[in-house]
Each structure stands twice: as C-alpha cells, then as structure tokens.
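These notes are about the structure you will find just below.
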Amino acid sequence: MQRSIEICTDVTGRTGGGEGFHYLRWGSKIELSLDCFVCERTARTTVLEVGAERAVCSGSRGGPVGHYTAARIAAFDVTSGADQLALRAVVSFWWAPFTDSASGHRAAAPTLHPWVRLHLGYDCPQEGGASGSFGIQTNMERPVSEPCAHCTRPVATSTRTPTIRLLD
C-alpha cells in the first residue's frame, strides 16, 4: 500500500543579510529510515533526491548493497525569513507487511524508530562565496550549531528535532 510521511524542521541563522550572514539553502537529498519490503529488512537508510522517481535503499547485511526501492519526495517546500529557514517535505513510499529475516521484527510504516538526516548548503560572502555543507538529523543533541568552514562564524543552529509524521 502507498504511505506518506511529512518531515518538518527549521534552523535559525543570519540568512537575510547583515553582519555574519551566509547564503543558506536546503540540500536536495534526504536520508530516511524506512522498512524496505524489497530486501525485507527493517530500519534501512533510504536515500531520496528531489525530482527522482525512486530511492535507493542501503540494502541488507549479507545481501545486495544499495538497491532501488519505491519511494520519492512528493513535496519539498522551503520557507525563509531573515533569521530562519524552514523545510516541509512529504515522502511517498510503498509499504507491505513482512518480518525481518535477520532480526525477527515486524515491518511498520513508518519504521519503529524513525530517523532522518537533512542536508544544508551555504555560501560564505566573507570568503568570496566559498561554499560548504552540513547536515542535521533526528538523533543529534540539541541545540546544535554549525560553524562556517571558511570564516568560522556560525552558519545555522538547530534547536528542535525534525519531526516525522505519518500522513496516511
């Protein structure tokens, strides 16, 4: 059956100009834990790209590494302000019940321990537009700040854990 989950998060930082700002943007890649009915393994890291028609599952230990699976980013909405950059993404995926052959866990949608990693990119105007990137994920201790790799000023701070919510 087809399922959808919504991922929401935001970061704060000087994104709108002024002293210490950086050109900040969400990356097009999302890494998400899903139970994969293709390799019949639970809690697989699934890599999704904006615009791609399918995702890549990390595969199973001892089995094929990195196989395609039926999941895609159905929506990728960014809201920005002078000091905040927010993301709302909807991931649509196919799910079927199974029992993980290695762990014996029953599959769930979303997985029993949802996890997501989101990527951000930035350009440093103090260093001639040099770019950098970093990620935030659900299992990080908050608040977490990311310094610029070029000028060492803070780029963004994540104070709230990204939320993962089953829509249907």
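The values are calculated or read from the model by the stated rules, or taken from the named source; none is laboratory data. What you see is a predicted model, and the numbers here were worked out from it, not measured in a lab. Neighbour counts run over all protein chains shown; Cβ positions are idealised from the backbone, glycine included. Remember, those area values only see protein heavy atoms, side chains included, never the ligands or the DNA or RNA. Shrake-Rupley method; radii C 1.70, N 1.55, O 1.52, S 1.80 Å.
Quick notes on this structure:
- Considered as a group, the residues in the range 99-136 that are open to solvent by 70 Å² or more (accessible area, probe 1.4 Å) and among the aliphatic types (A, V, I, L, M) include one that is nearest to the chain's Cα centre (by Cα), and that residue is L112.
Results for (1) more than 14 Å from C36 (Cβ to Cβ); (2) aromatic (F, W, Y), shown as yes or no for each residue.
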position	(1), (2)
R88	yes, no
S92	yes, no
W95	no, yes
A102	no, no
P110	no, no
H119	yes, no
I136	yes, no
R142	yes, no
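- Single residue of the range 137-168 satisfying the filter (open to solvent by less than 50 Å² (accessible area, probe 1.4 Å) and in contact with a Phe, Trp or Tyr (Cβ under 9 Å, 6 or more places away or on another chain)) that is farthest from T12 (Cα to Cα): I164
- Residues that are under 15 Å from the mean Cα position of the chain (by Cα), within 21 Å of T9 (Cα to Cα) and modelled with pLDDT under 95 are absent from the range 49-67.
- Here S131 meets the list (1) under 21 Å from R25 (Cβ atoms); (2) among the hydroxyl-bearing types (S, T, Y); (3) in contact (Cβ under 8 Å) with a residue 12 or more places away in the chain almost entirely, failing just condition (3).
- Identity of the residue in the range 1-23, of a type outside the set (A, V, I, L, M, F, W, C) and at pLDDT 90 or above, that ends up surrounded by the most Cβ atoms within 10 Å (Cβ to Cβ): T9
- Condition met for S92 (surrounded by 14 or more Cβ atoms within 10 Å (Cβ to Cβ) and either free of Cβ contacts under 8 Å to residues at least 24 places away in the same chain or touching a Ser or Thr at 6+ places or on another chain (Cβ under 7 Å) (or both)): yes
- From the list P143, P110, P125, the lone residue that is of a type outside the set (V, I, T) and under 19 Å from C57 (Cα atoms) is P110.
- Pick from the range 31-89, criterion of a type in the set (D, E) and within 23 Å of V155 (Cα to Cα), ranking: surrounded by the most Cβ atoms within 10 Å (Cβ to Cβ): E31
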